[in-house]
Amino acid sequence: MWPVVPLTSSLFLSSAAVAANVAVLSVGMWEARGRIVRVGAVVLGLSVVAHAAWWLGPVFAATYWGATAASFLLCFAAPMVPASLVATVSRTLAKRWARRPETTSPPPPPAAMSRRAFVSAATAAAPVVAATATTVGFASANATPDVPLVRLPYADLPPELRGLRILQLSDLHLGVERRTRDVEALVRALHDRGQVPDLVVLTGDVAEDPAELVPAMKALRELGAPMGIYASLGNHEYFGDVQRTRRDYDRAGVPLLVSAGHTLRRGKARLHLSGLDDPRAMHGDHDPFLRASLDRALDGAPSDAFHLVLSHRPEGLVPAAKEELGLVLAGHTHGGQVGFANKSAFEPIWPESYLWGRYRRGRTQLYTTSGFGHWFPFRLLCPTEAPLVELVGV
């Protein structure tokens, strides 16, 4: 478990969220304030117990479960605050509507019952929806990653590259929620389905626990991808021991492309891989850094090659599109971990962030994966995935 905020902040925010819910609901349902306070006290007590288990974890080996429970309660209580506000406003408006004088003859008793039922439903609906969404989000986070088949068409694709399948793995964050056993399960599933890829690429943030990287690479080698396995770096590699990461990739026999390129052959066709470095910073203009990294990776690339760019950041699409390269595979965003209609729910807010799915800029296509793992276990309509990208001629 990688908590969303530190222990002390989590306890403060959880307590504040519970208190806010109790206050808002008590205003809207004064007649039930006693029950509301009792429920709030129970939730607050559970939060204190969870945070205590988190704090005492090193003594009682309860850090994981304490942090998980504390983070769940925080993510449960926080969305309930606006939901409680909606419920209170809905109840107030509904009660006023129910008391409006009738312009026609008074309704029969069943209609009056319907109005009271409406007031009750208006009060409960928003908190129930928020609670259900939180519970479903935590349950979905632990589901087996999807393996979507993503077919990308190219008019000028060499015949030998048509049907080429690339397994993309990104943001595994091994050692947090996912482990090497999850990679092994993916390998078994692909073998069982007859979906062995031609090429495997990893686009950063692979292992939070360095001890997981080499065993995971060993599991991926058992796929038997004929064109091999290649990797690029993400920001989390730099947050940890990046030099050890480099040595571990070397031990595992997996080439790590950092501002570097490598050309593969398939028949008479050539596929040039360009691995971009990661700018490390979470915010700011990354275009100059990514452009310089791409320039170095393209040095010596064959003029007739199809270009595949491995970029942890989806913004790698911008310099790749200026060079009119074929395909960029990226991760980093986790799709915002909340989706709608198979796109990130945050797409309307940050359309230029390329959060999840297929994108095109000029002749260059991008697929941003929602990631194989996460550092915080919450997924709502945005499942974890290991996309199988297929190049298709048109």
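The values are calculated or read from the model by the stated rules, or taken from the named source; none is laboratory data. Everything numeric here is computed off the predicted structure, so don't read it as measured data. Backbone-built Cβ (ideal geometry, glycine too); neighbour counts: all protein chains shown.
Values for this structure:
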item	result
Only one of V48, V27, V89 that is out of contact with any His (no Cβ under 8 Å at 6 or more places or on another chain), at pLDDT 85 or above and surrounded by fewer than 19 Cβ atoms within 10 Å (Cβ to Cβ)	V48
3 or more residues touching a residue at least 24 places away in the same chain (Cβ under 8 Å) and not aliphatic (A, V, I, L, M): qualifying strands (runs of 3 or more DSSP E) within region 251-325	260-266, 269-275
Residues within region 181-200 that are among the hydrophobic types (A, V, I, L, M, F, W, C) and farther than 16 Å from P145 by Cβ, tallied	2
Residues that are surrounded by fewer than 24 Cβ atoms within 10 Å (Cβ to Cβ) and of a type in the set (D, E), drawn from region 167-193	E177, D182, E184, D192
The lone exception for G34 - which of (1) surrounded by 14 or more Cβ atoms within 10 Å (Cβ to Cβ); (2) more than 30 Å from H374 (Cα to Cα) it fails	(1)
Residues that are crowded, with 23+ Cβ neighbours inside 10 Å and either part of a strand (DSSP E or B) or in contact with an Asp or Glu (Cβ under 7 Å, 6 or more places away or on another chain) (or both), drawn from region 333-364	H334, S344, L355
Residue within region 243-250 that is in a helix (DSSP H, G or I), in contact (Cβ under 8 Å) with a residue 40 or more places away in the chain and aromatic (F, W, Y) present	no
All positions within region 365-391 that are crowded, with 20+ Cβ neighbours inside 10 Å, out of contact with any Ser or Thr (no Cβ under 7 Å at 6 or more places or on another chain) and of a type in the set (D, E, K, R)	none
Residue among V196, V242, V201, V214 that is out of contact with any helix residue (DSSP H, G or I) (no Cβ under 9 Å at 6 or more places or on another chain), of a type in the set (V, I, T) and surrounded by fewer than 21 Cβ atoms within 10 Å (Cβ to Cβ)	V242
Identity of the residue in region 245-272, surrounded by 16 or more Cβ atoms within 10 Å (Cβ to Cβ), of a type outside the set (A, V, I, L, M, F, W, C) and farther than 30 Å from D156 by Cα, that ends up nearest to the chain's Cα centre (by Cα)	T245
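Here's the yes/no breakdown for (1) over 22 Å from A139 (Cβ atoms); (2) of a type in the set (A, V, I, L, M, F, W, C):
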position	(1), (2)
V27	yes, yes
R33	yes, no
R38	yes, no
S47	no, no
A50	no, yes
A53	no, yes
L85	yes, yes
T88	yes, no
